[in-house]
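Working notes for the structure below.
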């Protein structure tokens, strides 16, 4: 067995029976991957996969509430996704708007606080208005924070943070990790305890590069539209079985 195959065997999750979790990851990040393949396997247009994926977000947020997660970050659209075919990008913009109008209001009623992280200047104006309205509507909710990474790239975030620090006039010897973190897109976003990626790919794809420095990683073979509460629970059980050292020998 080569090293890559062994790595897959050790890190991919399998559904587990319903068990009590000894420790729940308080902050979880998910790379939502596999919508296009899900649609292709069913002979459907790519947009159908993205719509199915949007419905899955709602189900997973509700499951996260039940499991006691207090911050859930989802990678919905990357800075690189603009390079996809224009018809797919247009469909994605439409689906994001639909999701804010149809899926997120019910979550808001359940106490979900929604925040969008990343750039907004390249999004359609109507979508930007919906983002702001949803953030305002849920600002006082406290049950769970849902961080939606839209037009987001980890490298772009680090460059922007550096630019802000330089423009603020901070002296070089005053710059430390706290100063840098305070200039990220969402300074109040807790570092993820656990990062999950669906669809069987084994990479972080430029997502939360600063924040996942010591996150535990779990990979699922499930395509995102098929990922469910049981899979989330299995990932959390895997996380709970690990011993986090943060570079030390505890």
Across the range 100-122, the tally of residues that are within 27 Å of residue 180 (Cα to Cα) and either surrounded by 20 or more Cβ atoms within 10 Å (Cβ to Cβ) or under 19 Å from the mean Cα position of the chain (by Cα) (or both) stands at 8
Going through (1) touching a helix residue (DSSP H, G or I) at 6+ places or on another chain (Cβ under 9 Å); (2) without any contact (Cβ under 8 Å) to a residue 60 or more places away in the chain one by one, residue 217 fails only at (2)
Residue 25 being modelled with pLDDT of 95 or more, buried (at least 23 other Cβ atoms within 10 Å of the Cβ) and under 24 Å from residue 113 (Cβ atoms): no
Considering residues that are surrounded by fewer than 19 Cβ atoms within 10 Å (Cβ to Cβ), within 28 Å of residue 205 (Cβ to Cβ) and free of Cβ contacts under 8 Å to residues at least 60 places away in the same chain, the number found within the range 128-160 is 7
Scanning the range 210-250 residue by residue, the ones that are out of contact with any strand residue (DSSP E or B) (no Cβ under 8 Å at 6 or more places or on another chain), closer than 22 Å to residue 181 by Cα and surrounded by 14 or more Cβ atoms within 10 Å (Cβ to Cβ) total 1
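To keep it simple, each residue is scored yes or no on (1) closer than 30 Å to residue 237 by Cβ; (2) touching a strand residue (DSSP E or B) at 6+ places or on another chain (Cβ under 7 Å).
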residue: 85; (1), (2): no, no
residue: 117; (1), (2): yes, yes
residue: 135; (1), (2): no, yes
residue: 148; (1), (2): yes, yes
residue: 160; (1), (2): no, no
residue: 169; (1), (2): no, no
residue: 172; (1), (2): no, no
residue: 193; (1), (2): yes, yes
Only one of (1) buried (at least 17 other Cβ atoms within 10 Å of the Cβ); (2) closer than 30 Å to residue 232 by Cβ does not apply to residue 183, and that is (2)
Selection from the range 207-235 of residues assigned to a helix (DSSP H, G or I) and under 15 Å from the mean Cα position of the chain (by Cα) yields 224, 225, 232, 235
Going through the range 46-84 in order, the residues found to be touching a residue at least 24 places away in the same chain (Cβ under 8 Å), outside any helix (DSSP H, G or I) and over 25 Å from residue 187 (Cα atoms) are none
For the range 239-250, pairs from a residue that is over 11 Å from residue 215 (Cα atoms) to a residue that is modelled with pLDDT of 70 or more and not in a loop (DSSP other than H, G, I, E, B), with Cβ under 6 Å and 6 or more apart or across chains, are 242/216
Taking residue 79, is it at pLDDT 95 or above and touching a strand residue (DSSP E or B) at 6+ places or on another chain (Cβ under 7 Å)? yes
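The values are calculated or read from the model by the stated rules, or taken from the named source; none is laboratory data. This structure is a prediction, so every number in the text was calculated from the model and none was measured. In this analysis, Cβ positions are derived from the backbone assuming ideal geometry, glycine residues included, and neighbour counts consider all displayed protein chains.
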